[in-house]
Amino acid sequence: MLNRRMLLRAALVASLFAPLSLTACEGMDNPFLGDPSDWEPEDAEYVESRPIVVPEFDFLWERAKFMIQTEGYSLDRVRTLRSEKTLVSRWKTLLAPARFKGVRRRIWISFEESGPDAYLVKCCVQAQRNEDIEAPTEIAEAVWKALEGGDSTRANLIIYRLETGFKEEEEDNGVKEKRQRR
């Protein structure tokens with residue numbers, strides 16, 4: 001009976017402190033989840049869209065989140081700030097057995113109002129290459145070096161996919177409207 005009581009108390013204490021220990025891990029340097037540096041892209045590294053007309057900003061925000069996830073990235077909950085209209089993904093890492101072949105990429109998307117219900121979308125895909133020669137497949141040993149200018153081809157593709165989600169459709173009365181594609 002005494003052992004059972006002690007086990008129940010231990011389980012209760014563990015359940016109370018477990019959430020605290022998990023939240024402390026969010027900011028730690030975990031090579032699988034984030035980047036220990038606060039490297040942010042320069043303005044010149046962003047690819048900019050044409051103004052995208054949407055009924056509400058929420059449509060564009062949700063579409064951009066969906067695009068990031070369909071590219072195989074997960075959102076960085078710390079750096080993604082709706083109040084600043086900025087979406088940031090976590091690093092997507094692809095290791096390789098040869099030096100300079102392993103890469104990791106991260107997506108930054110920001111939105112600026114350009115008119116009534118119109119937004120400019122700016123996208124930057126940061127890219128880094130693993131320069132570790134001794135153990136290029138060990139993520140904890142990786143030596144990441146930035147690629148100049150990031151991956152502008154991938155950024156252009158993301159912008160294109162965002163723009164095509166909102167297309168003009170001809171109404172019966174001849175007026176063109178922007179609508180979200182189904």
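Overview of values
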quantity	calculated
Unique match (being over 29 Å from LYS167 (Cβ atoms) and free of Cβ contacts under 8 Å to residues at least 24 places away in the same chain) among GLU62, GLU131, GLU148	GLU148
From the options GLU71, GLU45, GLU62, residue that is acidic (Asp, Glu) and buried (at least 18 other Cβ atoms within 10 Å of the Cβ)	GLU45
Residues within region 9-47 that are outside any helix (DSSP H, G or I), modelled with pLDDT of 65 or more and hydrophobic (A, V, I, L, M, F, W, C), tallied	2
Residue count, region 131-164 (criterion: of a type in the set (Ser, Thr, Tyr) and modelled with pLDDT of 90 or more)	3
Only listed residue being in a loop (DSSP other than H, G, I, E, B), at pLDDT 90 or above and closer than 27 Å to PRO116 by Cβ, chosen from ARG50, ARG63	ARG50
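The values are calculated or read from the model by the stated rules, or taken from the named source; none is laboratory data. The structure displayed is predicted, hence computed values, not measured ones. Reconstructed Cβ throughout: ideal geometry from the backbone, glycine too, with neighbour counts over all protein chains shown.
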